[in-house]
Structure formats: structure tokens, C-alpha cells
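Every number here is computed from the coordinates shown, using simple stated rules; none is lab data. Values in this document were obtained by computation on a predicted structure and should not be read as measured data. Cβ coordinates were reconstructed from backbone atoms using ideal geometry, including for glycine residues, and neighbour counts include every protein chain displayed.
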Amino acid sequence: MLARFAPWLFVLLWSSGFIGAKLGLPHAEPLSFLTVRYLLVLALLLPLALAMRAPWPRDRRQWLHIGVSGLLLHGTYLGGVFVAISHGLPAGVTALLVGMQPLLTAFGAGWLLGETVTRRQWLGLALGLVGVALVVAGKLGDWQWQALWPAGLALLGITAGTLYQKRFCPRFDLRTGAFLQFLPTAIATASIAAVVEDFRIEWTGEFVFALAWLVLVLSVGAIALLNYLIRSGSAVNVASVFYLTPPTTALLAWLAFGETLTAPMLLGMALAVGGVYLSRR
């Protein structure tokens, strides 16, 4: 039951993160926002792991591998996405760039992990990319070129993080492992924020709601599901579900903010779903 529904629940929760970012970023600098988010996650996870007597990795190398995977999956990816959006890159363009992750993961899975990518999966990955492009095409607007590099960094981070975790630390306790992932991420993000930002945060009701949502639903719920998917499935299967993030985000934005859904966007959603269906063996 969990294996069947986990990918779809993950997509729903992960997509809501873009909504939380849209609500919170007008009230805080991106890295300062993420620093507070990570610290709250750590404050929540550590007592939970200790109270439940969750096992910690016995091998020091596993501690290192889990920490590196966290820096890539959380620090690099989320940092790049938040900085790109705060610099004026539309969420649609960001989603399109990050939406290339399944294709990059497929190339890396064969080279680094020895996974076989079938023709059906390649067809599904290509179809999903076309679907993502159709979904975000109507959201393209004026943006600055300097906002592209953080989005590109986010793409490399989520791709490398998925492959790295699948290769070096696919199995660990989700409670202690998540803490070990977020600890170096929080330290690195706070260190960079101290240099490039003024730690400006407006503690409005909207920001507090967005922060609570991102901490509880994204950093705890969605990340636990992501780690479960990486542990139980191939890298290509895990990456393919990210094609469903832009369509799901568009639906959530339509429900939450009344944003328009056009016929090409609906067609793109159908293609993205079909692409994921073909890609997942």
C-alpha cells in the first residue's frame, strides 16, 4: 500500500512547497528563510529521534555520506530554487529547468549505478519533459539572466543528490538520517546567509503559516517520503515523479490563487502523467 501511494503523496506534498515559497519569500531573504526552516526542523527531529530511540548509523562513513546527500538534496536544491525565485525568475521557468532532472538522472543512473534504462523509459522521460514545457510555457515572463545560475545549481543539486544517496547511503533510519541530512545543510546555509544577507525577516501571519507548512509538511513529511522512494526504487523511477511537480503546482496555484489553467497546460499535464507512467517500471 505504501509503495503504491507514496509517489503520488510525495508529489502532492512536494508541489505545495512552491506555494509555501510564494507566500513566504516576500517577507524574508531566501537563505535566511531557509536557515530558520532548517533550525526548526532540527529542533523537531532530534527530540523525536531520541524519544523513539531511533538507531544512529554505526559507521562514520555513513554519517559523512548521509550529510553529503543532505547538502545536495536540500542545501543546494532548495537554496538554488529560493534564490532564483527571489531574484525574479518565475516559478514556471524554475520548474522547467529543474524539470530536466529526470533526464540527467537517467544518464547518471546508467553510468554511476549500472541501472538499465529501457526504450520505454526514455520515451516516457522525453514525453514527460514535453508535458512540463507545455505546463510552464504560459507562465514565462520577464526575468533576469543572473537568476538562471541558481536554478541551474538547484538542478545539479537534486540530480547529484539522488544519485549520490542511491549509490552510497540508500538505506538509513528515516528519523536519525533526516537529522543528519539537515544538520550540515543548516550550518552551510547559515554561514552563506551571514555573508550575503542581512537576515531580514518580517514575522507576519502569512510568513509564519508558510514557515510552519514548509517545516512540517515539506521538510518532515515530503523528505521522509523522498528518502523512502530512493531506498525502495531505482533512481530513474524516483526522478520520473518530479515531472508531476509542475502540473500539480499549477493545479494548487489555480485552487489557492485563482491562476488560469489553459488548454495547453491541461494537455501538458496529461503528457506528464503519461510520461511518468511509461518511465516507472
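Between GLU202 and LEU48, the modelled labels are 3.1 nm apart [label points 7 Å from Cα along Cα→Cβ].
Which trypsin sites (Lys or Arg not before Pro) from segment 146-221 combine a DSSP loop assignment with at most 14 other Cβ atoms within 10 Å?
Here the sparse-neighbourhood loop sites are ARG171, ARG200.
Computed about its Cα centre, the charge dipole of segment 2-279 is approximately 1040 debye, with only Lys, Arg, Asp and Glu carrying charge at their Cβ. Couplings 3J(HN,Hα) of segment 78-88, computed from phi: 5, x, x, 5, 5, 5, 4, 5, 5, 8, x Hz, in residue order, whole Hz [Karplus 6.51 cos²θ - 1.76 cosθ + 1.60, θ = phi - 60°; x for Gly and Pro]. Globularity index of the chain is 0.96 (Cα radius of gyration / 2.2 N^0.38 Å, N = number of residues). Derived scalar couplings between HN and Hα for segment 31-47 equal 6, 5, 4, 5, 4, 4, 4, 5, 5, 5, 4, 4, 5, 8, 6, 4, x Hz in order, rounded to whole Hz, by the Karplus curve 6.51 cos²θ - 1.76 cosθ + 1.60 (θ = phi - 60°), x for Gly and Pro. Between LEU123 and PHE257, the simple label model (points 7 Å from Cα in the Cβ direction) yields a spacing of 3.7 nm.
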